1. Restrict the check to the range 108-116 and report whether at least one residue is in contact with a Cys (Cβ under 6 Å, 6 or more places away or on another chain) and within 19 Å of residue 56 (Cβ to Cβ).
2. Filter the range 57-96 for residues that are over 15 Å from residue 115 (Cβ atoms) and aromatic (Phe, Trp, Tyr) and give the result.
3. Need pairs with beta-carbon distance below 7 Å; first residue surrounded by fewer than 17 Cβ atoms within 10 Å (Cβ to Cβ) and within the range 88-105, second of a type in the set (Asp, Glu); sequence gap 6+ or separate chains.
4. Quick test for you: out of 70, 63, pick the one residue that is surrounded by 14 or more Cβ atoms within 10 Å (Cβ to Cβ), at pLDDT below 90 and in a helix (DSSP H, G or I).
Amino acid sequence: MAKMTRFGVSLEEGLLRKFDAKIEAIGYRNRSAALRDLVRHFLKQSADLKLKGEVYAVVTIVMKLSGEEMKAFSELKRSLGGLVKSSQVQFGKDDYFLDVCVLFGEQSELKEAAERLMGLRGILSSSVQYYDMLPPCHS
């Protein structure tokens, strides 16, 4: 068995309660087992990406509107320049919003851009999906 290393994780109380309820419902023995699976899944997602050449990435982000975090998010999107092909924002209740950003370019550039977007402070939820080609709109 591999050597285990302990580390601390800080979570909001409400998020931890939901996490505990979910892992209990799924049947995990403890938080550590669940976190190991989450880390494996996260790393596998990155490793599975083997697209070549120019690809599309669809980055979906849920965030709460706040001054500094929103400014950093907007500035980062602007700094990505030509990689950003479109971005649609849908405002929700209680100052939350959903941003769906379509990127196009070399896979390695898009992976870095998506990780930077999803890693910003204030992001509540995020995902990225890569495509090596889009199907035709009309047959």
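The values are calculated or read from the model by the stated rules, or taken from the named source; none is laboratory data. Bear in mind that the values here come from a model prediction, so they are computed numbers and not experimental data. Glycine also receives a Cβ, built like all others from the backbone with ideal geometry; neighbour counts cover every protein chain displayed.
1. So far as the range 108-116 goes, no, none of its residues is in contact with a Cys (Cβ under 6 Å, 6 or more places away or on another chain) and within 19 Å of residue 56 (Cβ to Cβ).
2. 91, 96
3. Filtered contacts from the range 88-105: 89/99.
4. After applying the criteria, what remains is 70.
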